[in-house]
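Here the structure comes first, spelled out in structure tokens, and everything after it is commentary.
The values are calculated or read from the model by the stated rules, or taken from the named source; none is laboratory data. What you see is a predicted model, and the numbers here were worked out from it, not measured in a lab. Cβ sites come from the backbone with ideal geometry, for glycine too, and all protein chains shown count toward neighbours. For accessibility, only protein heavy atoms count, side chains too; no ligands or nucleic acids. Shrake-Rupley method; radii C 1.70, N 1.55, O 1.52, S 1.80 Å.
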Amino acid sequence: MTDRYAVIGNPINHSKSPLIHQMFAAQTGEDMSYEKIAAPLDGFAATIQRLRNEGYKGCNVTVPFKFEAFELASEKQPRAVTARAANTLVFAAEQIIADNTDGAGLVRDIEQNLNVSLRGKRVLLMGAGGAAYGVALPLLMTGCALSVVNRTVVKAQQLAANFAPHGNIKAYAYEDLTGLPFDVIINATSSGLSDELAPLPASFAPHALAYDMMYGRATPFMQFAKQHGAQVADGLGMLVEQAAEAFFIWRGVRPATAPVIAALRAR
Ligand code: ATR
């Protein structure tokens with residue numbers, strides 16, 4: 001019987017996840033379906049209950065339900081615990097298991113696809129909201145020296161204090177970054193959504209990688225980084241890699257991501 005999966009969000013129409021998982025399934029021969037489901041804002045738990053009743057095997061969760069998904073789960077993987085949010089649920093017999101594959105997806109895109117090893121590198125993470133929490137643990141696990149910067153400095157300090165037991169992490173205000181050299185700068189703010197640029201000093205080293213977790217267009221951050229000579233990447237690779245990690249959790253098979261990234265770029 002075909003195993004059923006879905007991605008749940010609100011809104012969800014724009015989601016590329018069904019296309020990605022359908023490509024993974026075709027490539028690996030896994031007998032599964034994957035659809036998108038819009039849950040009402042006050043109806044996430046009821047939607048999960050319905051899917052479980054109907055025999056779905058698991059789901060992905062996106063905005064704005066990642067926190068609720070984490071709360072609702074009965075078993076939580078460490079990378080979901082540190083993120084305080086889940087993007088992947090597994091429906092087991094009695095349990096709902098929560099995981100978060102966003103950070104693993106980011107690290108894999110940077111290290112495998114962009115071929116930039118993070119061990120020992122000076123990495124700047126911009127933002128201290130949900131997106132930053134989601135990726136901080138897998139970033140620290142690479143052995144990089146992580147700096148977090150946020151417009152509201154106290155939130156950067158809280159994030160750094162939270163993750164300090166897991167690795168080398170410091171908090172900064174934007175104005176304190178002047179002259180600090182970073183090898184990799186990751187934009188985990190939502191500033192690109194409003195076409196704003198975080199107040200970054202223009203201190204990109206020539207070899208630096210500027211990575212925006214958003215995808216679909218060149219954000220002000222990407223334009224700024226390019227003007228200052230950095231190598232620039234958007235978050236499309238991360239999107240495919242976080243999906244591949246979820247696919248692996250559900251199916252125990254790692255799909256090849258390069259052809260899927262290429263197919264999405266060509267669209
Ligand atoms: P998400 O889940 O996308 O991380 P969030 O939790 O609302 O969303 O966090 C948004 C992040 O983007 C925050 O770190 C926010 O900074 P503040 O905490 O100071 O609000 C950051 N952000 C949003 N717009 C920004 C801008 N124009 N410049 C700099 N940072 C910005």
Per-region count, the stretch 80-116, residues in contact with a helix residue (DSSP H, G or I) (Cβ under 6 Å, 6 or more places away or on another chain), more than 16 Å from the ligand (Cβ to nearest atom) and of a type outside the set (A, V, I, L, M): 6
Single unsatisfied condition, Val81 versus (1) in a loop (DSSP other than H, G, I, E, B); (2) open to solvent by 40 Å² or more (accessible area, probe 1.4 Å); (3) not assigned by TED's automatic domain parsing to the domain that holds Ala198: (1)
Residues of the stretch 184-209 classified as under 22 Å from Tyr133 (Cβ atoms), in contact with a helix residue (DSSP H, G or I) (Cβ under 8 Å, 6 or more places away or on another chain) and not in a loop (DSSP other than H, G, I, E, B), total: 7
Count of residues meeting criterion [closer than 24 Å to Val116 by Cα, out of contact with any strand residue (DSSP E or B) (no Cβ under 8 Å at 6 or more places or on another chain) and near the ligand (Cβ under 10 Å from one of its atoms)] in the stretch 128-148: 3
All positions within the stretch 30-57 that are surrounded by 12 or more Cβ atoms within 10 Å (Cβ to Cβ) and touching a Ser or Thr at 6+ places or on another chain (Cβ under 8 Å): Met32, Ser33, Tyr34, Lys36, Ile37, Ala39
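What helices (runs of 4 or more DSSP H) completely inside the stretch 210-267 contain at least 3 residues that are open to solvent by less than 20 Å² (accessible area, probe 1.4 Å), in contact with a helix residue (DSSP H, G or I) (Cβ under 8 Å, 6 or more places away or on another chain) and under 17 Å from Gln27 (Cβ atoms)? Before the answer, list the steps.
Details: elements: 220-227, 236-251, 258-265.
Of the helices (runs of 4 or more DSSP H) lying wholly inside the stretch 210-267, those with at least 3 residues that are open to solvent by less than 20 Å² (accessible area, probe 1.4 Å), in contact with a helix residue (DSSP H, G or I) (Cβ under 8 Å, 6 or more places away or on another chain) and under 17 Å from Gln27 (Cβ atoms) span 236-251.
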Where Lys170 falls short, out of the listed (1) closer than 23 Å to Ala208 by Cα; (2) in a helix (DSSP H, G or I); (3) not hydrophobic (A, V, I, L, M, F, W, C): (2)
Matching residues in the stretch 149-188 - criterion: being of a type in the set (Phe, Trp, Tyr), within 16 Å of the ligand (Cβ to nearest atom) and either open to solvent by 60 Å² or more (accessible area, probe 1.4 Å) or in contact (Cβ under 8 Å) with a residue 60 or more places away in the chain (or both): Phe163
Given (1) of a type outside the set (Phe, Trp, Tyr); (2) part of a helix (DSSP H, G or I); (3) modelled with pLDDT under 95, index of the condition Leu159 fails: (3)
Filtered residues of the stretch 104-125 (kept if open to solvent by 10 Å² or more (accessible area, probe 1.4 Å), farther than 15 Å from Leu239 by Cβ and not in a loop (DSSP other than H, G, I, E, B)): Glu111, Arg122
